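Remarks on the structure that follows.
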Amino acid sequence: MSNKDYYEILGVAKSASDDDIKKAYRKLAMKYHPDRNPDNKEVEEKFKEIQKAYDTLSDKEKRAMYDQYGHAAFEQGMGGAGGFGGGFGGGFGGAQGFDFSDIFSQMFGGAAGGRQPDYQGSDLQVGVEISLEEAAKGLKKRINIPTYEECGVCHGSGAKPGTSATTCSTCHGSGTVHIRQAIFQMQQTCPTCHGSGKEIKDPCVKCRGEGRIKTSKTVEVNIPAGIDDGQRIRLSGEGEPGRHGAPAGDLYVNVHVKEHKIFERNGLDLHCELPISFAVAALGGDVEVPTLDGKVKLNIPKETQNGRRMRVKGKGIKSLRSSATGDLYCHVVVETPVNLTDRQKELLEEFERISTGLDRSQTPRKKSFLDKLGDLFD
Ligand SMILES: [Zn+2]
Ligand SMILES: [Zn+2]
């Protein structure tokens, strides 16, 4: 697989808008479409490359992943889950994403390529919701998905027992019809048999000629450690089964990571608030901070100011792709105490009394503020 930069392939800038990307793609797709360049392997490869680049950059999630991880984001064979990010590799006319028909309906008023016989199973999408802890550690999840099974009465043929399907009279069994439009000779899925090449005159009563019956199945999905909200896993061949022995579609599992009470994720890093007392902020001291696997001690240096960011190394999320692990950032919030007792008030009043009139270098922020005020009114 070529690893040329997708932006380069489409000839757009990294900052290109969705519209720019679409425009660039259309221009290139028209130029390199195999129907305009028959039997030219080089052009066909180029066309696939363009299509792949567009498939990624036109999808918000995929584009974000590509920007972050590059081609690695879409490599196959991840953790047994059958690849990641999905939608590639189907060649043109693949069931996923590629809307060539869109371009062609504009060019020719509705005559799309028909490379994809519609008896192939369609892709399915399901969503799973997991916690941040689960996303960090990875998990196996069993999900129930709708599917079809072969009809037990007609054994998939769709024809009433004792009868059989006949060759389609429209396409004579080929499943496609040819239409001529302008300079193009186009192939289209046969409208009578929808590509199967067969016509059923006497349909099976149980499945009404479908050859299959709706049911559901359980699939185990291996969700890899490090997965982020919005990413998806492709399980190749686990989508809707095809009809009449055609290949099944793929199953896409869209992962949604629930909001966490304490942590917010940003890339591989985690962020949280860390409230500390005024006294600890001034004098320093050890505090406990939460991580995804238990609490750890963190030393707050003396004279820590509100808003300071403290890093706990290696307590973020492990990368899907490399050995890298993110960090945990604790954002210090110096908390003003409430509901003070008389004794506490007394001590604070005393503290204030002995602080008044002292060198302002003890309160650098206040000093700088007063200096600026001074400049303002001079
Ligand atoms: Zn049947
Ligand atoms: Zn037909």
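So which aspartates and glutamates can Lys217 reach, going by Cα to Cα under 20 Å and dropping same-chain residues fewer than 8 places off? The reachable aspartates and glutamates, counting only those whose Cα sits under 20 Å from Lys217, are Asp123, Glu129, Glu149, Glu150, Glu238, Glu240, Asp250. Only lysines eight or more places from Lys214 in sequence, or on another chain, were considered; those with a Cα closer than 17 Å are Lys206. Approximating the spin labels as points 7 Å out from Cα along Cα→Cβ, the His155-to-Lys214 distance works out to 2.7 nm. About the centre of its Cα atoms, the stretch 1-70 shows a dipole size close to 160 debye [charges on the beta carbon of Lys, Arg (+1) and Asp, Glu (-1) only; nearest 20 debye]. Computing FRET efficiency as 1/(1 + (r/R0)^6) for Ile143 and Arg180, where r is the C-beta to C-beta distance and R0 is 35 Å, gives about 0.15. Distances between placed amide hydrogens fall under 5 Å for Asp123 paired with Asp250, all partners being 5 or more residues away or on another chain. Just so you know, the Rg over Rh for the stretch 239-378 is 1.27, from Cα atoms, with Rh as the Kirkwood radius.
Partners of Lys295 within straight-line reach, counting lysines whose Cα lies under 29 Å from its Cα and excluding those fewer than 8 residues away in the same chain: Lys137, Lys140, Lys141, Lys258, Lys261, Lys313, Lys315, Lys318.
All of the numbers you see were taken from the coordinates with simple rules; none came from a lab. Computed from a prediction, not measured in an experiment: that's the story for all the values here. Backbone-built Cβ (ideal geometry, glycine too); neighbour counts: all protein chains shown.
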